[in-house]
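A.B. asks: Before we start, here is the structure in question, set down as C-alpha cells.
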There are 2 protein chains.
Amino acid sequence: MNAEETPDFSVLAKDGLARLGKLSMDRHALDTPTFMPVGTRGAVRTLTALDLEELEADIILGNTYHLMLRPGVEVIQEKGGLHQFTGWNRLILTDSGGYQIFSLEPDVDDKGATFKSTYDGSLHRLTPQDAVDIQCGLGADIQMALDVCPPLPSEKSVIETAVVRTKLWAEDARKHFLFKRDKEGFSNAQFGIVQGGLDLTLRRISGEQIVEIGFDGYAIGGLSVGESRSEMIEPMDASIRTLPADRPRYFMGLGDPAGLVEAVNLGVDMFDCVWPTRLARHGTALTNTGRINLGAARYARSDDPIDLSFPQSPASHWSRGYLRHLLAVGEPAAARLLTLHNLAWLFDMMRRMRESISTGTFQEFRKEILDIWG
Amino acid sequence: MNAEETPDFSVLAKDGLARLGKLSMDRHALDTPTFMPVGTRGAVRTLTALDLEELEADIILGNTYHLMLRPGVEVIQEKGGLHQFTGWNRLILTDSGGYQIFSLEPDVDDKGATFKSTYDGSLHRLTPQDAVDIQCGLGADIQMALDVCPPLPSEKSVIETAVVRTKLWAEDARKHFLFKRDKEGFSNAQFGIVQGGLDLTLRRISGEQIVEIGFDGYAIGGLSVGESRSEMIEPMDASIRTLPADRPRYFMGLGDPAGLVEAVNLGVDMFDCVWPTRLARHGTALTNTGRINLGAARYARSDDPIDLSFPQSPASHWSRGYLRHLLAVGEPAAARLLTLHNLAWLFDMMRRMRESISTGTFQEFRKEILDIWG
C-alpha cells in the first residue's frame with residue numbers, strides 16, 4: 001500500500017451528505033460509518049481482545065496519556081506494540097494524549113505542554129513530536145496529531161489561541177511523522193484535528209489550516225464536551241465543510257445514537273466514546289426502544305431478555321431479572337454482560353445505519369433513531 | 001431413575017483408598033473426584049454460566065443463605081429454579097445455609113436457628129425443614145441437610161452439643177425431604193453431614209448417627225475451617241471410615257491441591273472451595289510449579305503466558321506482563337481471566353488425579369503435588 005494513501009479510503013455510496021465508506025489498512029479493512037470502543041488502559045473495561053473479536057469490532061481506541069504512564073510506552077514497545085501486548089489483531093487508533101492533559105490544567109506554549117501525572121504527581125512534558133514518537137512506539141495503526149483542546153465554554157481569546165497553537169503543533173507533528181514514515185517505511189496513518197470551539201469562523205479557519213498541512217484523515221475535536229446537541233451541529237458542519245471528500249472524517253468523543261445519526265447526516269465516518277461502556281457499568285442497557293436501567297426493582301421478576309427485539313445480544317441467554325440480581329448484589333459479571341450487550345447493540349445500530357445509506361433510506365433511519373433517542 | 005439410588009454412583013477403580021467414580025443424575029453425569037466452584041450469589045464471581053460450560057465444569061455450588069436473602073427463594077422459584085435463573089444446565093449443589101449462619105452467632109435450639117441477616121439486620125428463623133423447602137425451591141440437584149457447624153477450636157461440650165443437634169436436625173431434614181420426594185416425585189438428592197470437630201470419637205459417633213438415618217450421599221463438615229492440614233487428616237479419616245462405600249463422599253470447603261490429594265487419598269469424591277476463585281481476584285495464579293502473584297513488578301516485562309506448561313489455559317492468549325498491567329491499573333478483565341485460568345488449571349489437576357487413580361499411579365501423583373503444594 002502506498003503510504004500516501006494510508007488508510008486506503010473510498011466512499012461507496014452517499015445518501016445526502018451521509019457516506020458509506022470502506023477504510024482499508026494492512027491489518028484490517030472496515031466499513032464506515034464505524035464506532036470505536038474505548039480501551040483506555042489497554043483494555044475496553046471488563047473485556048478482552050477476544051471478546052471484542054467475537055463482537056466483530058473493527059477498530060478500538062487506546063489512550064496515549066494513560067498508556068504512556070502505565071505501563072509506559074517503552075514496556076509496550078518492547079513487547080512489540082499494543083496489538084501484541086493486548087492480543088488484539090484488528091485496528092487501533094490512539095489519541096494524542098492531549099484531551100486528558102487539558103483536563104489537568106497544563107502549562108502550554110507553542111512547542112508543547114507540561115503537566116502533572118494523575119498517577120503519582122510527577123512532572124511530564126509532551127510535544128507534538130513526542131506524541132508522534134509515543135504513538136509510533138504503541139504501534140497505533142492510526143495516530144492523532146497533538147492538539148490544544150480547550151473546555152467549553154471558553155473565552156474567545158482562549159479558543160483563538162488554541163486554534164493558533166493547534167496549527168503550530170500540527171505542523172510539527174506532521175513534519176516529524178512524515179520524516180519517521182519515510183525513514184522507517186511503515187504504513188501507519190496520522191490524522192489532524194480541527195479546533196475552534198463553537199465559533200463558526202474559527203472552525204473554518206482551523207479546518208483550512210489543518211487541511212493545508214495535509215493529513216491522512218481529519219478529526220473534529222473540541223466538541224461533544226458538554227455543550228448541547230443543537231450547539232454542536234453548526235460548528236461540526238463548519239468543520240466538515242473544510243475537509244476533503246476523499247479522506248476519512250472522525251468526530252471525537254461521540255457515541256449516543258442521536259448524536260451519531262446527526263453527525264453521519266453531515267458526513268462523518270468515524271466515532272469513539274466511552275458512553276456505551278460506561279452506561280453498561282452503571283447498569284444501563286441500550287435497547288431498540290431506548291435505554292433502560294436494569295438496576296431498577298421493577299425488573300427483579302422479569303423473564304424477558306434485555307431486548308426481545310435484539311436476540312443476537314451476547315446477553316440474551318439471561319433474563320432482565322437475573323441481570324438485575326447480579327447488579328443488586330454487586331456481581332462483576334453484570335458489568336461485563338451489559339458492556340457486551342451495549343457494544344453489540346451499538347454495532348448493530350451502525351450496521352443498520354450503513355445499510356440505510358446504501359439503500360437510500362438514511363433519512364427514515366435517522367428519524368426512527370431521533371424519535372427514540374433525540 | 002429410582003429415587004432410592006439418586007444420585008446413581010459407581011466406583012469404577014480404586015488405588016489404595018482413592019476412588020475413581022461416576023456420579024449420574026437426570027441432568028448430567030460426571031467423573032469423581034470432582035471439584036465444585038462456588039457460585040455464592042447465583043454466579044461464580046466474575047463468570048457466567050456459559051463461561052463455566054466452556055470450562056467444562058460439571059457441578060457448581062450455590063449458597064442457600066445468600067440466595068434466600070437476595071433475590072429470595074420465591075423469586076428464583078417463580079423463575080423455574082436456579083438452573084433456569086442462572087442459565088446453567090449441569091448440576092447444582094446447594095449448601096443448607098448453616099455454615100454462613102454459624103458465623104453470625106445465631107440462637108440455636110433442637111429445632112433450628114434464629115439469626116440476623118447481614119444484608120439488612122432483619123431477623124430470620126431457619127429449621128431443617130425450612131432448609132429442605134428452600135433448597136427444593138432453588139431446584140438444587142443435590143441439597144444438604146442443615147447441620148450445626150461450630151468454629152475450631154471450640155470447647156468439647158460445644159462440639160458434643162453440635163453433634164447431638166446435627167443428628168436431631170438431620171432426622172427432621174431427612175424425614176421432611178423424603179416426605180416431599182415421595183409426594184412430589186422428584187429425583188433430587190439430599191446429603192447428610194458428619195460433625196465432631198477434631199475429636200475422633202465424636203467423629204465416629206456423628207458419622208454412625210448420620211449413616212443410620214440414611215442419606216443419598218455424605219459430607220464431612222466442620223473441618224477446613226482454619227485448623228492445620230495435619231490436624232484435619234485424622235478427623236477426616238475417622239469420619240470417612242463410618243461412611244458406606246457405595247455412596248458419594250463430599251468434603252466441604254477444601255480446594256488447595258495438597259488438601260485435595262490428601263482427602264482423595266482417604267477416599268473423598270467431591271470438593272468445593274472459594275480458594276481458586278478468591279486467589280484469582282487477588283492476582284494469584286495457580287501453575288504447575290506453584291502459585292505466583294501476577295501483581296508483582298517482576299512480571300511487568302514478561303512475555304510468557306501464566307504457565308508455559310499449561311497452554312490450554314483460557315488466559316494463554318495473554319502474557320504475564322499484560323495481565324500484570326491489567327492488575328496494576330485495576331482493569332476488571334484481570335480478575336475474570338485469572339478466575340478462568342485458576343479453575344481451568346484446577347479442573348485439569350482433577351483430571352490428572354482421576355487418570356492417576358485409573359492407571360494405579362495415584363501415589364506418584366500425590367507425591368508430585370505435595371512436593372509443590374504441601
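A.B. asks: How many residues are over 16 Å from A:G137 (Cβ atoms), in contact with a Phe, Trp or Tyr (Cβ under 6 Å, 6 or more places away or on another chain) and of a type in the set (A, V, I, L, M) when one looks only at segment A:31-83?
C.D. replies: Summing the residues that are over 16 Å from A:G137 (Cβ atoms), in contact with a Phe, Trp or Tyr (Cβ under 6 Å, 6 or more places away or on another chain) and of a type in the set (A, V, I, L, M) in segment A:31-83 gives 1.
A.B. asks: Follow-up question, since we're still on this one. Run B:V274 past the list (1) touching a residue at least 40 places away in the same chain (Cβ under 8 Å); (2) within 10 Å of chain A (Cβ to nearest Cβ); (3) of a type outside the set (F, W, Y); (4) out of contact with any helix residue (DSSP H, G or I) (no Cβ under 9 Å at 6 or more places or on another chain) and report the number of the one that doesn't hold.
C.D. replies: (2)
A.B. asks: Here is a follow-up. Condition first: facing chain A (nearest Cβ under 7 Å) and not aliphatic (A, V, I, L, M). Now tell me which residues in segment B:320-335 satisfy that.
C.D. replies: Passing the criteria: B:G321, B:Y322, B:H325, B:E331, B:P332.
A.B. asks: Which condition number does A:D269 fail, the rest of (1) surrounded by 14 or more Cβ atoms within 10 Å (Cβ to Cβ); (2) away from every other protein chain (no Cβ under 14 Å); (3) over 19 Å from the mean Cα position of the chain (by Cα) being met?
C.D. replies: (3)
A.B. asks: Take A:V268 and decide whether it is assigned to a loop (DSSP other than H, G, I, E, B) and of a type in the set (V, I, T).
C.D. replies: When the stated conditions are applied, A:V268 passes them.
A.B. asks: Could you pull out every one of the strands (runs of 3 or more DSSP E) wholly within segment B:73-135 that has 3 or more residues that are in contact with a His (Cβ under 9 Å, 6 or more places away or on another chain) and either modelled with pLDDT of 95 or more or more than 22 Å from B:D26 (Cα to Cα) (or both)?
C.D. replies: B:112-116
A.B. asks: Filtering segment A:150-206 down to residues that are in contact (Cβ under 8 Å) with a residue 24 or more places away in the chain and aromatic (F, W, Y), which residue is nearest to A:G217 (Cα to Cα)?
C.D. replies: A:F191
A.B. asks: Being of a type in the set (G, A, S), surrounded by 18 or more Cβ atoms within 10 Å (Cβ to Cβ) and under 20 Å from B:A335 (Cα atoms) is the filter here; which residues of segment A:316-341 pass it?
C.D. replies: Within segment A:316-341, A:A328, A:A333, A:A334, A:A335 meet the criteria.
A.B. asks: Here is a follow-up. Kindly indicate which of B:A140, B:A162 is within 20 Å of the chain's Cα centre (by Cα), crowded, with 24+ Cβ neighbours inside 10 Å and not charged (D, E, K, R).
C.D. replies: The unique qualifying residue is B:A140.
A.B. asks: Further question: Among the residues of segment A:42-59, write down those that are surrounded by 23 or more Cβ atoms within 10 Å (Cβ to Cβ) and outside any helix (DSSP H, G or I).
C.D. replies: A:G42, A:A43, A:V44, A:T46, A:L47, A:T48, A:A57, A:I59
A.B. asks: I've got another one for you. Given the conditions (1) of a type in the set (V, I, T); (2) part of a strand (DSSP E or B); (3) closer than 19 Å to A:N265 by Cα, and given that A:I193 satisfies all but one, which numbered condition is not satisfied?
C.D. replies: Status for A:I193: all satisfied but (3).
A.B. asks: May I pose another question? Residues of segment B:69-95 being in contact (Cβ under 8 Å) with a residue 60 or more places away in the chain, within 13 Å of chain A (Cβ to nearest Cβ) and either under 15 Å from B:V38 (Cβ atoms) or of a type in the set (A, V, I, L, M) (or both), which ones?
C.D. replies: Matches in segment B:69-95: B:V73, B:I76.
A.B. asks: From the residues in segment A:99-108 that are without any contact (Cβ under 8 Å) to a residue 60 or more places away in the chain and in contact with a helix residue (DSSP H, G or I) (Cβ under 8 Å, 6 or more places away or on another chain), which one is farthest from A:L168 (Cα to Cα)?
C.D. replies: Across segment A:99-108, the extreme among qualifying residues is A:Q100.
A.B. asks: Considering only residues that are within 17 Å of the chain's Cα centre (by Cα), of a type in the set (D, E, K, R) and facing chain A (nearest Cβ under 10 Å), which ones fall in segment B:26-68?
C.D. replies: B:R41, B:R45, listed by residue number.
A.B. asks: Another question about this same structure. Are any residues in segment A:321-350 over 19 Å from B:L50 (Cβ atoms) and either in contact (Cβ under 8 Å) with a residue 24 or more places away in the chain or of a type in the set (G, A, S) (or both), and if so, which ones?
C.D. replies: A:A328, A:G330, A:L346, A:F347, A:D348, A:M349, A:M350
A.B. asks: Restricting attention to segment B:342-355, does a residue exist that is over 30 Å from B:Q143 (Cα atoms), surrounded by fewer than 16 Cβ atoms within 10 Å (Cβ to Cβ) and more than 10 Å from chain A (Cβ to nearest Cβ)?
C.D. replies: no
The values are calculated or read from the model by the stated rules, or taken from the named source; none is laboratory data. The model shown is predicted, which means the values in this text are computed figures rather than measured ones. So basically every Cβ, Gly included, is an ideal-geometry build from the backbone, and we count neighbours across all protein chains shown.
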